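The structure appears below as structure tokens.
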Amino acid sequence: MGKRVLRTKLCNMLGIEYPILSAGMGPTLIGEKAGAPVELVVAVSEAGGLGVLGGSGYTVDELQQAIREIKKQTDKPYGVDLLLPKYLDLKGGIGGTDATELPLSEVLKTIPQAHQEWIHKIKQEMELPDVQIMIRRNTTTMFPKESIQVCIEEKVPLFCAGLGNPGFMVQDAHAAGMKVLGITGNAKNAKRMADSGIDLLVAQGHEGGGHTGRIGTMVLLPAAIDAAYPVPVLAAGGIGDGRGLAAALAMGCAGVWVGTRFLATHEGGALDVNKQKIVQSTDEGTRVSTAYTGKTLRASYYQFHDLWEISGLEPLPFPTQVLISSALLASFIEANKTDFVGGLAGQVSGIIKEIKPAARVLEEMVEEAAEILTRKLPESVVVK
């Protein structure tokens, strides 16, 4: 059998073979540059999908370097994902100085006293080592306008906003020949984003890893498709194999946005401890918590979740809450307390059993979906 053909209008819009995009995952643990680094982007794009760089952990200069490296390694379409928070909490240690790097230990002195005392209590009770970490103030999340300008100057084929509505930049992006993608977790926001002029919309259900909403994928997709019409919608949340791809297409989606399955690949940027958590997980192996970033975020379950839940503390605004999780997770990693360490992952972890090359993941997804749509459904479903 020759190479499978599986195309939708998304393929024509983006110039790709298959309607599969790898999610632009940023870093979730100390030591990660990005969940979706250059290597993953190139592998997915070369295999016929569209790889998306997770840009939130880079500085503006590093982002430009990464984009140029992608263009060196492939001539296929690719994307860049940035976080565009509506508000940034830049008070105190994060925003109170012009320094581009600050010791985390110094920055932590600026957060509320109760949170400082809790970190000290956990470290003392668990005999955790102090880990020297430098917090960078010059990441793309802190400088979204400058980061967007880099993407426009580099003419990135697809700009993706993992957080926030990118509608304000559509005109400039289109002038540079770019497409713009937004992500939503509900129908109301789907309509708002579609009305802002974006080209594509990802509807991510509650099952998805990372920042996630409250509505399940099966309910969200038809609601988002109706609300965003005629903007094409991609499915996200629980998509990890060809069955999920086929189901998304059957529901009217133009394609899929896949995170966790590509995170657990050879090219995925997650630390090995997180990849192992994914392949060892069950369908109940993830947890939604504000512990990481201050926003609801789904990750592999680990005991840090429990520590945070019983703390009784209110989460700090994004990105200040990241300081707390970074301080403790770095100490857990240094102490090799892996039961307290994990990264973003969706409920689809429960069906992922092997870490594979990204190209193989994509090929198997296409083959399985094609088999379902061309043979299994016609054999098992009678329509008159």
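Couple of notes before you dig in:
Residue by residue, here is whether (1) out of contact with any helix residue (DSSP H, G or I) (no Cβ under 9 Å at 6 or more places or on another chain); (2) in a helix (DSSP H, G or I); (3) buried (at least 24 other Cβ atoms within 10 Å of the Cβ) holds:
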position: Trp118; (1), (2), (3): no, yes, no
position: Lys121; (1), (2), (3): yes, yes, no
position: Lys191; (1), (2), (3): no, yes, no
position: Ala203; (1), (2), (3): no, no, yes
position: His206; (1), (2), (3): no, no, no
position: Ala224; (1), (2), (3): no, yes, yes
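- Flag set for Val256, criterion: in a strand (DSSP E or B) and assigned by TED's automatic domain parsing to the domain that holds Val41.
- Test: Lys155 is closer than 21 Å to Met13 by Cα, among the charged types (D, E, K, R) and out of contact with any Pro (no Cβ under 7 Å at 6 or more places or on another chain): yes
- Boolean, Ser326 is closer than 26 Å to Glu39 by Cβ and not in a loop (DSSP other than H, G, I, E, B): yes
- Positions within the stretch 123-173 being within 21 Å of Arg68 (Cβ to Cβ), at pLDDT below 90 and part of a loop (DSSP other than H, G, I, E, B), in sequence order: Asn138, Thr140, Thr141, Phe143
- Odd one out for Asp283 among (1) buried (at least 18 other Cβ atoms within 10 Å of the Cβ); (2) not in a helix (DSSP H, G or I): (1)
- Across the stretch 208-220, the qualifying residues are those that are in a helix (DSSP H, G or I) and touching a helix residue (DSSP H, G or I) at 6+ places or on another chain (Cβ under 9 Å), and the one among them that is nearest to Ala291 (Cα to Cα) is Thr217.
- Residues of the stretch 335-361 classified as modelled with pLDDT of 95 or more and not in a loop (DSSP other than H, G, I, E, B), total: 10
- Here Gly208, Gly216, Gly252, Gly242 are screened, and the one residue that is within 19 Å of Lys356 (Cα to Cα) and not hydrophobic (A, V, I, L, M, F, W, C) is Gly242.
- Candidate set: the stretch 175-189, residues that are in a strand (DSSP E or B) and in contact (Cβ under 8 Å) with a residue 24 or more places away in the chain; chosen: the one nearest to the chain's Cα centre (by Cα): Ile183
- Yes/no for Leu108 being surrounded by 13 or more Cβ atoms within 10 Å (Cβ to Cβ), more than 21 Å from Leu200 (Cβ to Cβ) and either at pLDDT 80 or above or assigned by TED's automatic domain parsing to the domain that holds Glu334 (or both): yes
- Matching option when the condition is outside any loop (DSSP other than H, G, I, E, B), modelled with pLDDT of 95 or more, farther than 25 Å from Ser281 by Cβ and out of contact with any Pro (no Cβ under 6 Å at 6 or more places or on another chain), among Glu371, Glu314: Glu371
The values are calculated or read from the model by the stated rules, or taken from the named source; none is laboratory data. Bear in mind the structure is a predicted one, so any value in this text is a computation, not a measurement. Glycine gets a Cβ as well: all are built from the backbone with ideal geometry, and neighbour counts include every protein chain shown.
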